[in-house]
1. Within the stretch B:205-230, which residues are more than 10 Å from chain A (Cβ to nearest Cβ) and free of Cβ contacts under 8 Å to residues at least 40 places away in the same chain?
2. I'm trying to understand the selection: among the residues of the stretch B:298-311, which are closer than 10 Å to B:His255 by Cα and either of a type in the set (S, T, N, Q) or in a helix (DSSP H, G or I) (or both)?
3. Can you go through B:Ile262, B:Ile249, B:Ile296, B:Ile273 and tell me which one is in contact (Cβ under 8 Å) with a residue 24 or more places away in the chain, within 14 Å of chain A (Cβ to nearest Cβ) and of a type in the set (Val, Ile, Thr)?
4. Scan the stretch A:67-112 residue by residue and report those that are away from chain B (no Cβ under 12 Å), assigned to a loop (DSSP other than H, G, I, E, B) and either in contact with a helix residue (DSSP H, G or I) (Cβ under 8 Å, 6 or more places away or on another chain) or among the polar types (S, T, N, Q) (or both).
5. Of all the residues that make up the stretch B:118-145, how many are buried (at least 23 other Cβ atoms within 10 Å of the Cβ), over 16 Å from B:Met89 (Cα atoms) and touching a residue at least 60 places away in the same chain (Cβ under 8 Å)?
6. Taking the conditions exactly as written (under 23 Å from A:Val25 (Cα atoms), β-branched (Val, Ile, Thr), in contact (Cβ under 8 Å) with a residue 24 or more places away in the chain and more than 12 Å from chain A (Cβ to nearest Cβ)), does B:Thr182 satisfy them or not?
7. Taking the residues in the stretch B:93-117 that are out of contact with any Leu (no Cβ under 7 Å at 6 or more places or on another chain) and not in a helix (DSSP H, G or I) as candidates, determine which candidate is surrounded by the fewest Cβ atoms within 10 Å (Cβ to Cβ).
8. Restrict the check to the stretch A:8-26 and report whether at least one residue is under 16 Å from the mean Cα position of the chain (by Cα), without any contact (Cβ under 8 Å) to a residue 24 or more places away in the chain and assigned to a helix (DSSP H, G or I).
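The values are calculated or read from the model by the stated rules, or taken from the named source; none is laboratory data. Here the structure is a predicted model, which means the values were calculated and not measured. Cβ: placed from backbone, ideal geometry, glycine included. Neighbour counts: every protein chain shown.
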Amino acid sequence: MTPTHEWMLKRNCSLTPGQLGQAFVVLFVLSLCVAAPFVIHGAWQVLAFTLLEMAAVAVAFLSYARHATDHEHVRLADGCLLVECELGMRRQQIRLDARRARVVDNGTGRTLVRLEAGSTKVQVGRFVTEAGRRRFAEELRTALREAARIS
Amino acid sequence: MSIAGTASHPDTHAHAHPHGWRRWLFATNHKDIGTLYLWFSMIMLMAGGLLAMLIRAELFQPGLQLFAPELYNQFVTLHGLMMIFGAIMPAFVGLANWMIPLQIGASDMAFARMNNFSFWLLPPAAILLSGSMLAAGGATGAGWTMYPPLSLQMGPGMDMAIFAVHLMGASSIMGAINIIVTILNMRAPGMTLMKMPMFCWTWLITAYLLIAVMPVLAGAITMLLTDRHFGTTFFNAAGAGDPIMFQHIFWFFGHPEVYIMILPAFGVVSQIIPAFSRKPLFGYASMVYATASIAILSFIVWAHHMFTTGMPVTGQLFFMYATMLIAVPTGVKVFNWIATMWRGSLTFETPMLFAAGFIFVFTIGGFSGLILAVAPIDIQVQDTYYVIAHFHYVLVAGSLFALFAAFYYWAPKWTGHMYDEWRGKFHFWNSLVWLNVTFFPMHFLGLAGMPRRYADYPMQFTDFNVLTSIGAFLFGLTQVYFLFAVVLPTIRGGPKAAAKPWDGAEGLEWTVPSPAPHHTFDVPPMVK
């Protein structure tokens, strides 16, 4: 039985999309509470601008929340290299044969790290810095060597 | 399990920085955009200050000396609009751009391109506003409050001002969205909301205020525009409209606007006082709650600006007591600042001088506000120089002093150089003295009944006006000194600043070198 190795590569985001949604609701309700009395008194333009502004806020929040949970999860266990990618709420899962898997990078960290096993290829490292990519590639290479040695 | 690292922004990699004018026109880096905001506000401060000097030159003696009353009113109006929308607000947005990502450990603002756009809306707005002087009939002379029916009778300069305010409002909204998303989402791991620096807290609350009230201003000035050109009569009594309605809408925006200009100042002072007292901020949580309370109360006090428009006594009582209530959270803040200093290991470098000076002079403005909250007194001094004295103590002694404090505190981080301490102190003491010489006598003028927005005054007000004008000229000269003897030399050179030039300062901004590199916190730090 080979030891399990896992890497979670993700962007830093302090709030979950749900929490960001709550923050939007607070803003929206506050803005509507402000606009409503003006509409009652005939100043409907205030509501028009409020809705316009809230649309802008919604677009901003959505565009951020869409990628808030983006991550790449790499798991090496039982002879299998499992790569899970979540990008803009699209989920992708790729399995590579750990014995045939190899890590391709140019050593600078400037390009994404390519994982190949036969004809299966996947690129990871979107959410980490150059140094992070270099470190990840190094760690994964070592883990793959260790896994090959044990098996 | 190992984590290879997390990035604030995906796919970060080294890229070429544009140079020359492209660096500024296409700026997406928060530090560059912060610098642009700060320079823009400095230029507007000088332009608005020049108008103030012209106003004081006219008021140096009774009688009409230099300008026709119409031109004088244009100067007064543009002075107000430029200082509020052009100088103070953009200056705080500039500080936010520079410091929020550094304080929360983020690599940049959340929406870098929107950040660029929100800045570049400002110069056209400033050109529209100042260019309106050249329009037929000159700029608007209806005052920064743009009350109808006067604003309905103005020439095309009024339309230019309306468009300028729309642009500046749109810029503020985009800035606020950016700040909210940045603070909520991009805090370093471990930095919970209740661990955030006070400057970030005050800006988060200010951004919520901006989002809440900017549509109200936009609605008000759009209604003015349609009244002027499209046949509506929202504010025209002859067409069954109501000019008082404008005042309600305007001040519903206008009063929170005052807090938009002062809450970030509270944040700055809350950063500086602990640093130079070498103690943590006293009552951090109560500071946060007090800031939020002030913001909430700001929504229910607007009609204290309208006591003389004829409102029921119950209405007067409500707005009077609600306004007085604001003194409670403000008092909490002043108490906490003083308690932070209490038994601290105090030193008085220039940032601390301005922060301590802020507490002294802003409190004078706060107290005169409390006096104005009393409806029977306000009715007596409505639209007199007492009101001018009050809000200049809030905005000059409050917001501007905090901005100066912020410059001296963070300039080493921005420029990599220490400013000249002697010059900083010279700037402070001159500012403090001439500020009081300028604005304190205005209380007496107001109590004696001198009305605002007139180019002339009776002989009995001469002495205090002469004193005020002399104070204003010297205060203005002091700010020219600040620009040429402090700001520019600090940018050009000076002793090298350490990463943490203030030994009592705390926060992530002091963990990066001085000057702060173009890219910081590509990997967010862990906050314990």
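1. Within the stretch B:205-230, just B:Phe230 meets the criteria.
2. B:Ser298, B:Phe299, B:Ile300, B:Trp302, B:Ala303, B:His304, B:His305
3. Exactly one residue qualifies, and that residue is B:Ile249.
4. Correct list: A:Gly79, A:Ala98, A:Arg99, A:Ala101, A:Asp105, A:Asn106, A:Gly107.
5. Total meeting the criteria: 4.
6. For B:Thr182, the condition - under 23 Å from A:Val25 (Cα atoms), β-branched (Val, Ile, Thr), in contact (Cβ under 8 Å) with a residue 24 or more places away in the chain and more than 12 Å from chain A (Cβ to nearest Cβ) - is not met.
7. Restricting to residues being out of contact with any Leu (no Cβ under 7 Å at 6 or more places or on another chain) and not in a helix (DSSP H, G or I), the top hit is B:Phe111.
8. Checking the stretch A:8-26: at least one residue is under 16 Å from the mean Cα position of the chain (by Cα), without any contact (Cβ under 8 Å) to a residue 24 or more places away in the chain and assigned to a helix (DSSP H, G or I).
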